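All remarks here apply to the structure that follows.
No lab work stands behind these numbers, since they all come straight from the coordinates. Predicted, not measured: the structure shown is a model, and the values here were computed from it. Cβ: placed from backbone, ideal geometry, glycine included. Neighbour counts: every protein chain shown.
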Amino acid sequence: MKSGWVERDAETLVALGANSGIERDFALRIYTTRLLGSDRKLVLHGGGNTSLKTRARDRLGEEVDVLRVKASGADMAVIEPDGMPAVRLSGLRELRVLDAIADEDLVGIERANLLDPAAPNPSVEVMLHAFLPHKFIDHTHASAVLSVIDQPDGEKKCADVFAGRLAFVPYLMPGFGLAKKAIEVFERAKPSDGLILSKHGIVTFGDSTREAYERMIEMVTLAENFLARHRKSIAAAPAACSTAAVDEIAPIVRGSCSEKDDKTEGAWRRMVLEYRRREAILDFLKATDLGRLSETGVVTPDHTIRTKNRPLVLPHPETGKLGDFAGAARQAADAFTARYRDYFARHNTRVGGGKHELDPLPRVVLVPGLGLFGLGSTKQDAVIAADIAEEWMAVVAGAESIGRFESISEADMFDCEYWPLEQAKLGARKEPPLAGQIAAITGAAGAIGAATARAFAAAGAEIALLDVNLAVARDQAKTIGPTALPLQCDVTDAASVDGAFEKIAAHFGGVDIAVSNAGAAWQGRIGEVDEDILRKSFELNFYGHQRVAQAAVKIMLAQGTGGCLLFNVSKQAVNPGPNFGPYGIPKAAALALMRQYALDYGADGIRANAVNADRIRSGLLTPEMIASRARARGLSEQDYMSGNLLGREVTADDVAQAFLHHALALKTTADVTTVDGGNIAAAMR
Ligand SMILES: [Zn+2]
């Protein structure tokens, strides 16, 4: 590992900081914190922390000694000065006389000593930074170091590899106890460069930020070199027969890793998936003792909040034997959740009860021959779980190549997973109503499609935006968020629809809601219209819906957790307009299609509903059309648009809300919701 220090970059940040009153040492501290944070071999997703001891003025203008330390859960790669709050050092150091302190009290004292009362909570490892005397301290969970120290003889390996430059601190969970143990070890051993925290990570220190940082790089390099010198390969099983495709397997995995929500009949707790298949992953999954490795536990304690204590391992999915795989996957997932509940119950009793059980679903699933899945209630959480799972594999493979990987005990993992200060990193989350659900929307580049995508995203769903116009779908996706997935999809082409749904299954793990919205209007007097026009309209306004529904149902059945089909049928479906037959007739067929899906798949928990909207400003009703129709009726444009019983213009957002209502109404199927401001001739009943 090479030092990333670039003198010119460091000085640029110092100059930039000077403009906003940030002292040189603090600017450089920010610089190396970012350097550490941007290397995933050192830290991942909010792990690791750094500090600086300096002086600062308090509210009364008095200069005091402070510790600036990374805020809890902050991402080092993009840290800003306000991500390193200043805490009065004396207020922390005087706590050393105590034998122990309750978590709530410690957080209270830390907050009381913040110079800025509105600052975020300091890192859970703040006391370790406070007790050590050094001006600059860096702490990471470097992969190579973990491979060396997560061993039954970690202390001996630490002495061999770091030649006494790092002192060895036995395992204690992060917090006050570990900080006290670390300062005791430091004062006794007086190491020159830093500390090893057993089964957890590495600390380096220095008189300058560059010294602390480059010592970190040097120590990690020593560990990397040791691994390279002693590496022997892990025994691999012979290659299995051919493996099924990820888009077939992901919905089965996703369905297996869901559970019924007892609070509401028909509701499920679902997960979003992130799939990875690098060569290193596939190699790891070939290990003859994958079963043992998967039982070993996390590589550093704070990973328990992201990946739980162990992954779920499924059998190799053979091509053409999806039924066998599905049966085995459900059995394995059920065993996993039963075991997690037992783990919770046993350890909750051990700590005197009072802990609130988290959901028992796996966060990492290993599928030999195929790769790994990270799981989360959002795509972002799934990505984090997958990143950590990849690092877990790298560390375990490294550890096994020089000895035997050993994690902390199950009790220690529980204490970290259920430590309120760790859970606080995940933030106080209230699950939105569509959390964990995946919605595919066709015609997503248009007004109604885009409004529906926004409404479903706001309700917590992950969104795939399908449109024949990929460029506009991409632009719409950007306005929704970083995880929205734009896809090219022509609903008049079966291969295009199937391909898009395969991509959704591979990317998110499956689909729960399909909003079949793509459509276009053709006109003509029905007795004289060219048959080609009628056929074109049927291709899009009827067969398009059928293709989308069919592709979605295939995935929903593989998941086995129900689903929701939503169709955009115009008011033309029930109230034909003059010379609008080519549009209205396939729409009427689409209404019948919705009812047929409701009938045929109700027993599978798949609901089908439609929205019957009229007169929405969109690609079907352009400003020019509005102007000409208003003129033809002798109305103003506004009066034309609000020409309904309520006298209110209906918008794409109103249609989106009707779709959202259907997605949430778990006891409603075969229903049509009218969103037209009142048109008695189009009323359903
Ligand atoms: Zn740590």
> Radius of gyration and Dmax for the chain's Cα atoms, expressed in Å?
Replying inline: 29.7, 98
> Between Leu666 and Ala118, what length comes free when the chain is fully extended (0.36 nm per residue of separation minus the Cα-Cα distance, one decimal in nm)?
Replying inline: 193.0 nm
>> Explain nothing, just the number: relative contact order of the chain, from Cα pairs under 8 Å at least 6 residues apart, as a whole percent.
In response: 10
> So for the pair Arg330, Gln423, with labels modelled 7 Å out along Cα→Cβ, what separation do we get in nm?
Replying inline: 3.2
> Counting alpha carbon pairs within less than 8 Å and at least 6 residues apart, what relative contact order, in whole percent, applies to the stretch 126-273?
Replying inline: 25
> Can you give the Rg to Rh ratio of the stretch 537-638, both from alpha-carbon atoms, with Rh computed by the Kirkwood formula?
Replying inline: 1.10
> When only DSSP loop residues count, what trypsin sites (Lys or Arg not before Pro) in the stretch 1-67 have their Cβ near at most 12 other Cβ atoms within 10 Å?
Replying inline: Lys2, Arg59
> Counting only Cα, what are the radius of gyration and maximum Cα-Cα distance Dmax of the stretch 19-88, in Å?
Replying inline: 12.6, 43
> If you put +1 on each Lys and Arg Cβ and -1 on each Asp and Glu Cβ, how big is the dipole of the stretch 353-462 around its Cα centre, in Debye rounded to 20?
Replying inline: 600
>> Under a crude label model (7 Å from the Cα following the beta-carbon direction), how far is Arg231 from Asp82 in nanometres?
In response: 4.4
> Kirkwood hydrodynamic radius of the stretch 387-477 from all distinct Cα pairs, in Å?
Replying inline: 17.0
> Over 22 Å between Cα atoms, which of Lys232/Lys286; Lys156/Lys286; Lys308/Lys667 qualify?
Replying inline: Lys156/Lys286; Lys308/Lys667
>> Counting only Cα atoms, I'd like the Rg/Rh figure for the stretch 319-367, Kirkwood definition for Rh.
In response: 1.17
>> Over all directions, how big on average is the projection of the convex hull of the alpha-carbon atoms in the stretch 1-139, in square nanometres?
In response: 8.9
>> Which residue, Ala212, Ala518, Cys257, has the largest displacement toward the positive end of the dipole of the chain when charges sit on each Cβ (Lys, Arg +1; Asp, Glu -1)?
In response: Ala518
> Once label points are set 7 Å from the Cα along Cα→Cβ at both Arg633 and Gln523, what is their separation, rounded to one decimal in nm?
Replying inline: 1.4
> Tell me, in nm to one decimal, what length is gained between Arg535 and Lys41 on full extension, where the rule is 0.36 nm per residue of separation less the Cα-Cα distance?
Replying inline: 172.1 nm
